[in-house]
Every structure is written in C-alpha cells, then in structure tokens.
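S.K.: Would you mind keeping the following structure in view while I ask a few things?
Quick note: the coordinates plus some simple rules give every number you see, no bench work behind them. Given the structure is predicted, the values throughout are model-derived calculations rather than measurements. Please note: Cβ atoms are built from the backbone with ideal geometry, for glycine as well, and neighbour counts cover all protein chains shown.
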Amino acid sequence: MRKLQIGVMGSAADLKYAESIAKLAEETGRIIAESGHVTVYGAEKDYDSLSTAAARGAKKAKGLTVGVTYGKGKDIYGKNFTDIIISTGLDRGGGREFVLVNSCDALIAISGGSGTLTEIAIAYQSNIPIIVLKGTGGWSDKLAGTYLDGRERIKAVSAETPEEAVKTAIKLASEKNR
C-alpha cells in the first residue's frame, strides 16, 4: 500500500496565530510522519505558517514532506523542512490551492483564513476528507462538524487533538482509497 498524502492547511503568519497553535501544527506533522505517511503543505515564499510548522514537525520525526508553492522557482520559506517542492507556476489564491488539495488523500485544517477556506472548499467539491482541529480558531472552529452546503457531501469532521485529527485522516483516507 502506498503512503497516504495528508495535507495540513492553516493560517499564515500574517494572521498572528498563537505559539500554542503553531505547536499543535508541529505536533500534527510529527504524528503524520510517525504514522509512516507523507505531510503535504502549502509552502509559502515569504513567511512562516501553520502548514510550515507541520512540515517542521514531520522533518523532526524524519518524515517525508511535500511543499506545494505558488509562482515559479523553489525558493520557499522553510526549505530545510521540505523534501519535495512542487512549483505550480500559479498565483497564491489563483490556482495553487487546486494542485495542493488534489495532491492530498485527506486534509487537516488548523485555524485558517481565506486561503484555508478555499482549500477546504476544494476538498469538499472533490470529496477529499476534511478534518478540522477544533479550538484553534479561524475556519477550523467555524466549520467543525458541518457540511459546507446543502449537498451534504462530506462533513468537516471535528478533532480535539492532533492525534485524533491524524487518526481520523488516516481512517477516512484509507476507506476512500479502498
């Protein structure tokens, strides 16, 4: 069986998230790596993010990380935590998110602003399991346990801890990939 590609999406540093939330993101990446799966994240070019924190955690646990970035070139923030860089040639907020989300078997959202909301909506449209880490703020808290629309395709499944989020992502992705 191939390794699952679990995306970790979340706020960029300009949303000024708390250090405690960054630690949860790092722990999420660590747990993905310890589970033997791949951490996929939105690689930023100019600043830190909760996604990058997840990549840091995965690398500390000797896991495989894939950063999907916007624009051209492979110069990203946190390149020391990234094994594979995919340069989409697309703008931030203008297509990179489609490549990022469609490279994932499941998506874990931590807090999140408009970019994370876009990624969650793409996952919803593509029936990619969405897990949100409750208590982290942003869109994760707003969407926990809900459907995005009246089609009721898939719920944004709420998780209380990084362990629960990763376990749920693995379970739902494995069921979908049967």
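S.K.: Please verify whether Tyr124 is hydroxyl-bearing (Ser, Thr, Tyr) and surrounded by 20 or more Cβ atoms within 10 Å (Cβ to Cβ), treating the condition exactly as stated. Walk me through it before giving the result.
M.R.: Values: hydroxyl-bearing (Ser, Thr, Tyr): yes; surrounded by 20 or more Cβ atoms within 10 Å (Cβ to Cβ): yes.
Yes, satisfied.
S.K.: Could you tell me whether the range 132-151 includes any residue that is under 20 Å from His37 (Cα atoms) and in contact (Cβ under 8 Å) with a residue 40 or more places away in the chain?
M.R.: yes
S.K.: Still on this model: Identify, please: which residue in the range 136-178 is β-branched (Val, Ile, Thr) and assigned to a helix (DSSP H, G or I) and is, among those, surrounded by the most Cβ atoms within 10 Å (Cβ to Cβ)?
M.R.: The selected residue is Val166.
S.K.: Can you confirm whether the range 142-152 contains a residue that is aromatic (Phe, Trp, Tyr) and in contact with a Phe, Trp or Tyr (Cβ under 9 Å, 6 or more places away or on another chain)?
M.R.: yes
S.K.: Got a sec? Which of Lys23, Lys45, Lys3, Lys62 is surrounded by fewer than 22 Cβ atoms within 10 Å (Cβ to Cβ) and within 22 Å of Gly89 (Cα to Cα)?
M.R.: Lys45
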